[in-house]
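Below is one structure, written out as structure tokens; comments come after it.
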Amino acid sequence: PRILILGPPGAGKGTQSANLAEEYGVEHVTTGDALRANKDMDISDMDTEYDTPREYMEAGDLVPDAVVNAIVDEALSQADGFVLDGYPRNLDQAEELEGMTDLDVILSLDVSREELVDRLTGRRVCDDCGTNYHVEFNQPEEDGVCDECGGDLIQRDDDNEESVRNRLDVFDDNTAPVIDHYEDHDGFVAVDGEQTPDEVWSEIQDAVEAHT
Ligand code: AP5
Ligand code: ZN
């Protein structure tokens, strides 16, 4: 299946995308991870305000569309089924995506702002394999150590309170209209993202099975 997962920062897109990739054997295409792996690439020839993605990401601002569109176009052209996470983040990107592929299922995870701030400021990620944890809601067996691979757990540079609040404002201004835009699509399903991760996963599986 071709799945799009939408929702604000911290809604659980990465967590549930990992489940989708494993259960349905689809490629997890994530602009956030792709950009984090290429934080220092030189984008100055694209007429951007900063020379690398790093400055935008640390502040919680959007990286310029041209950079992100190219990443997604390349990744989707190589994937059969996919779960797309972190894109599109504004209406121009949504229009760009329409020229790249059709979608079977569009999941929209809904979570309140105060819960998002708690989730993001408490998130820890494995420096080696990227698995998500949380200091309260999702603790590893051993403090600071990844259950999956034994790697060190670190805090993302943009998970400080100031960047988190800016990311949520950027979402309200740019990405909320993208969700409205997809609401009329046949495959659109709104999911209550404030349930436990297992409950959210169960609703997502029902949605995927109903649309594929
Ligand atoms: P990106 O990496 O996409 O970050 P994001 O959208 O802010 O999303 P997150 O990864 O923070 O949250 P998530 O929804 O995946 O939640 P998670 O599962 O981790 O983007 C980063 C930056 O890259 C952007 O700011 C921008 O600069 C740039 N960028 C990326 N895409 C771009 C684009 N298209 N255009 C321009 N720029 C772009 O969960 C969060 C926490 O909550 C975890 O600790 C988790 O354990 C916990 N949790 C998950 N589910 C639950 C639950 N049900 N109950 C309790 N806790 C839960
Ligand atoms: Zn790990």
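Provide the three semi-axes, in whole Å and in decreasing order, of the ellipsoid equivalent to the stretch 1-88 as defined by the square roots of 5 times the Cα gyration tensor eigenvalues.
Ellipsoid half-lengths, sorted descending, are 25, 15, 10 Å.
In debye, nearest 20, what is the charge dipole magnitude of the stretch 96-161 about its Cα centre with +1 on Lys and Arg Cβ and -1 on Asp and Glu Cβ, if you could check?
Here the size comes out at about 120 debye.
If you add up the charges near Glu136, with Lys and Arg at +1 and Asp and Glu at -1, over every other residue whose beta carbon is less than 10 angstrom from its beta carbon, what do you get?
With Lys, Arg at +1 and Asp, Glu at -1, the net is 0.
Any chance you could list the semi-axes, whole Å, largest first, of the equivalent ellipsoid that the Cα gyration tensor gives for the chain, using √(5λ)?
24, 23, 17
Have a look at Ile106, Tyr50, Cys129 and report the one farthest towards the positive end of the charge dipole of the stretch 4-129, computed about the Cα centre with Cβ charges (Lys/Arg +1, Asp/Glu -1).
Among Ile106, Tyr50, Cys129, the one farthest towards the positive end of the dipole of the stretch 4-129 is Cys129.
Nearest 20 debye, what's the magnitude of the dipole of the chain about its Cα centre given +1 on Lys and Arg Cβ and -1 on Asp and Glu Cβ?
With only Lys, Arg, Asp and Glu charged at Cβ, the dipole is about 120 debye.
Checking understanding here: applying a Kyte-Doolittle mean of at least 0.5 and a length along the axis of at least 15 Å (C-alpha), which whole DSSP H helices in the chain pass?
Details: long enough: 13-24 (16 Å, -1.14); 65-78 (20 Å, 0.57); 197-211 (21 Å, -0.73).
Sorted by number, the helices that extend far enough and score high enough are 65-78.
Equivalent-ellipsoid semi-axes (√(5λ), Cα gyration tensor) for the stretch 171-212, whole Å, largest first? Don't skip to the end; give the middle numbers.
Working: eigenvalues 90, 50, 6 Å².
So the equivalent ellipsoid measures 21, 16, 5 Å along its semi-axes.
When Lys and Arg each count +1 and Asp and Glu each count -1, what net charge do the other residues less than 14 Å away from Glu162, Cβ to Cβ, add up to?
With Lys, Arg at +1 and Asp, Glu at -1, the net is -4.
How would you rank Thr48, Thr175, Thr212, going from fewest to most other Cβ atoms within 10 Å of each one's own Cβ? Write out the running numbers ahead of the final one.
Values: Thr48 16, Thr175 23, Thr212 13.
With the sparsest Cβ surroundings first, the list reads Thr212, Thr48, Thr175.
Peptides 79-85, 166-172: what's the order by average Cβ count within 10 Å, highest mean first?
79-85, 166-172
Read-outs: derived from the displayed coordinates by stated rules, not from any lab. Not measured: the values here are computed from a predicted model. Virtual Cβ from ideal backbone geometry, glycine too; neighbours counted across all protein chains shown.
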